[in-house]
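Each remark here refers to the structure printed beneath this line.
The values are calculated or read from the model by the stated rules, or taken from the named source; none is laboratory data. These numbers were taken from a predicted model, which means no experiment stands behind them. Cβ sites come from the backbone with ideal geometry, for glycine too, and all protein chains shown count toward neighbours. Accessible surface is based on the protein model in full, side chains and every heavy atom, while ligands, DNA and RNA are left aside. Shrake-Rupley method; radii C 1.70, N 1.55, O 1.52, S 1.80 Å.
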Amino acid sequence: MAVEDVTLPAMRRLFADITRGADQAQAKVIAIIDAKHADFVSAADQVGGLSHVLEDLRCDIHKAGEQLRNASGIGTGTVQMQTGACVTQDRTLAAKQRSAVAEHGELKADLDFLDARSNVLSIMLEAHCVIDKVDKLSDAGKYVEAAAVILDIAEKLQKVSAPKSEREPGLMQAAKISYYQRRTWLTTRLQSILLHVVQLRGRSVAICYGNEGGDAEATSLQQVWEALHMLEVQKQRVEQLAEQLMRVVLQPLLDAARKLPAGQIVTATVTRDRARECVVWTWDTAQEARILEERMLNTNDNCGGGMADKEQKRRPPASDVLPVLESLFVFVQEHLSGASADVYSLFGKWLWPATIFCVIQHFDTCGTDRGEALESFETLMQSKGLIARGENTLSRHVRENKRSLGEQSHSTVLTEVRNWLMQWDNSLVSVCDATEPGSVTELLAKLPRKESTPGESSMIAATSGDLGDGISFNKELQQWLQQDVGLLRVPTMNVSSATHKLVSRVRNLMDDMVNGNGRAEDLNRLVREICALFAILRPYAQKAQLRTSPHSCAIFFSDCLYLVHALIILQYTHRKQLASDKPHLAIFVDLVPQLRRLGENHFLAMLRHMQEQIVIALVPCDFAAGVAQDRAYIAAEAALGAAVQRVKEAAQGMASALPRQLLHETAGLLFGVVCQDLRGKLFKLQHATPDEVSHLSALLASALNGGRQALAAVGIQTPQKDAEQPPRGSTEIPGWGILALTADLLGSGFSRFMEKRTLLLKTLRKEEILKLMSLSWRDDVFPPQEAWAALNSDE
């Protein structure tokens, strides 16, 4: 190699390779030093010499590097020779090391083979000894210990088994055959004991606790189930036994229970037979008079039903068979499962689905107690561990059944209410606060009375805690109710029988909500649907009469007021009786404005129609058409009589339903239309002859007399003819005072006007007084303007 080819980086790489090779060789020598001591001693000496050579080489390389930096012409022959010698010596050492490693590996493999054969022989010998122990434990009746030994043998054999059985030696295969034979024999033996201990017959289950055959001691079911569990066959044996129990005992029991004639029930008993050394559960049928009476009553109550109802009544109640099933499952827990929760839950896994399917399919689950017995039965089985906590088939069935029955009941109620509203009944029912159930009068009467202190009011003093059960009045509201005798009270009025029954049904539904007969949310929704049905069908049933018939419209308005009052009172009578999270379900005040507005709109529409009819009837009563003539006067008087008659008929029609105060106000408003119409026509006259003035005065007086008679027919007291002030507490009639004063002063002289000066100035406007004066006299000496000045002066 040329001197210029030897560079410092090349020399460094070469030195690194030589050092790496020396380290590897040293590691291999150390690894095999135990097996080849002499060789390793020699190799160690050579490694020491090699280390010196490498150290010298490292120094030479360093010197060569220095020379390369300082001069360029130095050859590399010496370095190459030394490097070649080192490489040759390292190869010789590596060959010896490889030979030593191969020989060490062969020796180690032989040793491992011998150890494996020794271990297998040891395990085989131990397995044969343990297998004999299984026989001894089984003969002694210690099946749990025998099963534990079987598991230990299986674990040991698993450790020395080959991946493929055909490659195993004959001794190993013989050991496995012996293991499988013992395992099968033990399983069969436990099955035989299980058949001896558990004896299933058509109407009984017997658990024998005596020993079988030559057992040293009696074997309990707990030991049997534990041993079967250790042998991993417990689940299969429980499944087989549960299937036999279902087929031999449980299914015949359910079939007999659902086919029993009326008056018979199934019963269960548990007895201990000391002679046979066993505990026996037995079911049988028995006569029950109470059941017979209930079945007969159900048959009589539903004799008019359809085929579906009859079929439903032929299904016996589930409550008749549930006690027997409970007794059987408790017997399984206490005796058949060997006090093992796992075994009991396995029985439940196989017995429960078929049992509840038959109960739901063939028994009346929600007939008499709305499914409470079924839910209690499921809860009990969950607490005992037969079924998991999440198993809710029965309770879900009860909820669905309740929901279905609730929907059917809701449909029935809504259909019944619809029939009430559509099949109109003319009969009326009188209602008042004193006799109305749950009225304010009744609630206040239940409040406890407390002695009031001298500084307090003489009213009843009570606090919110003294209001009694179910009454939801606070102290302030109670005081207002005592002070205002009309607040939240039902006025005396008449309502339709349909609405009266509807309100009674609403109260019954609220009572059901309080008593828990149905979901509170569903009952609240049903009440709202009933109110919606009323709002739609009640005006629809008489839509042709509500506008034209004061009688029909008054009944409808009273119905709306009655329903609104009932909805308002419900929150005070039922809210406190509901659960703490459901008091809002007794509040229906959001429906009050809608229903009140419904009645008011129809009632105002009827009043407007009646006003129009009265005005039309008064059209022939024209004061400007020569009223002094007989023809005009007779026509005016007839029109006036017709208008008054309309007022009277309307008032009498409304009197059959409306409260007294509302009736008086409404009748006064209707006659006020007559008064206002006559007043307008009178003050529109420009002039009138004395004869016409006389006739006009007579017409006005006739109108007042007719109005007195019409209003008196409904109990309204009107002012007397000469009275300047209306009676105290009388109904205000729009225009009555003006019409009465005008009829009195029309055609009178100035002196008469001065007598009525105070009332005249209080009742009429200036223009009306001037018009009345101009119509009453034609005196150019004392014109109306001067008369007004004198009338209006303070002197």
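Would you be able to tell me the number of residues in the range 493-531 that are aliphatic (A, V, I, L, M) and either outside any helix (DSSP H, G or I) or open to solvent by 50 Å² or more (accessible area, probe 1.4 Å) (or both)? Even if it seems obvious, please write down each step before you answer.
Going through the range 493-531, the residues aliphatic (A, V, I, L, M) turn out to be 493, 495, 498, 502-503, 506, 509-510, 513-514, 520, 523, 526-527, 530.
Remaining after also requiring either outside any helix (DSSP H, G or I) or open to solvent by 50 Å² or more (accessible area, probe 1.4 Å) (or both): 493, 495.
So the answer is 2.
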Residues of the range 406-437 being open to solvent by 70 Å² or more (accessible area, probe 1.4 Å) and touching a Lys or Arg at 6+ places or on another chain (Cβ under 8 Å), in sequence order, are PRO437
Practice problem: Please work out if LYS259 is open to solvent by 40 Å² or more (accessible area, probe 1.4 Å) and more than 20 Å from LEU328 (Cβ to Cβ). | Solution: no
Looking across the range 604-622 at residues that are closer than 17 Å to LEU699 by Cα and open to solvent by less than 10 Å² (accessible area, probe 1.4 Å), the single one that is modelled with the lowest pLDDT is CYS621
The condition from (1) surrounded by fewer than 20 Cβ atoms within 10 Å (Cβ to Cβ); (2) modelled with pLDDT of 80 or more that LEU245 misses is numbered (1)
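Table: residues versus (1) open to solvent by less than 40 Å² (accessible area, probe 1.4 Å); (2) under 30 Å from VAL343 (Cα atoms); (3) modelled with pLDDT of 70 or more.
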{"residue": "SER122", "(1), (2), (3)": "no, no, no"}
{"residue": "LYS133", "(1), (2), (3)": "no, yes, yes"}
{"residue": "GLY141", "(1), (2), (3)": "yes, yes, yes"}
{"residue": "LEU151", "(1), (2), (3)": "no, yes, yes"}
{"residue": "ILE177", "(1), (2), (3)": "no, no, yes"}
{"residue": "THR184", "(1), (2), (3)": "no, yes, yes"}
{"residue": "SER192", "(1), (2), (3)": "no, yes, yes"}
{"residue": "HIS196", "(1), (2), (3)": "no, yes, yes"}
Taking the range 569-583 and the residues there that are open to solvent by less than 30 Å² (accessible area, probe 1.4 Å) and either over 20 Å from SER504 (Cβ atoms) or of a type outside the set (S, T, N, Q) (or both), the one that is nearest to the chain's Cα centre (by Cα) would be LEU578
Over the range 257-282, the set of residues under 22 Å from LEU195 (Cβ atoms) and assigned to a strand (DSSP E or B) is VAL270, THR271, ARG272, ASP273, CYS278, VAL279, VAL280, TRP281, THR282
Sole miss for VAL619 among (1) under 60 Å from the mean Cα position of the chain (by Cα); (2) free of Cβ contacts under 8 Å to residues at least 60 places away in the same chain is condition (1)
Considering the range 344-378, residues that are free of Cβ contacts under 8 Å to residues at least 12 places away in the same chain and among the polar types (S, T, N, Q), and then whichever is surrounded by the fewest Cβ atoms within 10 Å (Cβ to Cβ), we arrive at GLN361
Among (1) modelled with pLDDT under 80; (2) in a loop (DSSP other than H, G, I, E, B); (3) open to solvent by 50 Å² or more (accessible area, probe 1.4 Å), GLU232 falls short only on (1)
#### Entry: Test: SER327 is modelled with pLDDT of 85 or more, among the small types (Gly, Ala, Ser), open to solvent by less than 30 Å² (accessible area, probe 1.4 Å) and at negative phi
no
All-but-one check, ALA787 against (1) of a type in the set (Gly, Ala, Ser); (2) at pLDDT 85 or above; (3) buried (at least 17 other Cβ atoms within 10 Å of the Cβ), failing number (2)
Scanning the range 669-703 for residues that are open to solvent by less than 10 Å² (accessible area, probe 1.4 Å), under 16 Å from ILE614 (Cβ atoms) and small (Gly, Ala, Ser) gives GLY672, ALA703
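If I go through the range 383-400 residue by residue, how many of them are under 15 Å from the mean Cα position of the chain (by Cα) and surrounded by 14 or more Cβ atoms within 10 Å (Cβ to Cβ)? Walk me through how you get there before you give the answer.
Let us first name the residues in the range 383-400 that are under 15 Å from the mean Cα position of the chain (by Cα), namely 395-396, 398-400.
Adding the requirement that they be surrounded by 14 or more Cβ atoms within 10 Å (Cβ to Cβ) leaves 395, 398-399.
The qualifying residues number 3.
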Residues of the range 704-715 being more than 11 Å from ALA740 (Cα to Cα) and open to solvent by 10 Å² or more (accessible area, probe 1.4 Å), in sequence order, are GLY706, ARG708, GLN709, ALA712, ALA713, VAL714, GLY715
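Tell me, please, whether a residue that is under 20 Å from ASP512 (Cβ atoms) and of a type in the set (Gly, Ala, Ser) can be found in the range 384-391. Working first, answer last.
Let us first name the residues in the range 384-391 that are under 20 Å from ASP512 (Cβ atoms), namely none.
No - not one qualifying residue is present in the range 384-391.
Given the residues VAL238, VAL205, which is the only one that is at pLDDT 80 or above, aliphatic (A, V, I, L, M), open to solvent by less than 10 Å² (accessible area, probe 1.4 Å) and under 16 Å from VAL279 (Cα atoms)?
Details: VAL238 fails: under 16 Å from VAL279 (Cα atoms).
None of the others qualify; the one that does is VAL205.
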Contact list, first residue from the range 666-691 and modelled with pLDDT of 90 or more and aromatic (Phe, Trp, Tyr), second anywhere and open to solvent by 40 Å² or more (accessible area, probe 1.4 Å) and in a loop (DSSP other than H, G, I, E, B), beta-carbon distance below 9 Å, six or more apart or interchain, is PHE671/PRO734
(1) of a type in the set (Lys, Arg); (2) surrounded by fewer than 21 Cβ atoms within 10 Å (Cβ to Cβ); (3) modelled with pLDDT of 90 or more all hold for ARG631 apart from (3)
Residue set ALA544, ALA554, ALA628, ALA579; condition assigned to a loop (DSSP other than H, G, I, E, B) and in contact with a Ser or Thr (Cβ under 8 Å, 6 or more places away or on another chain); output residue ALA628
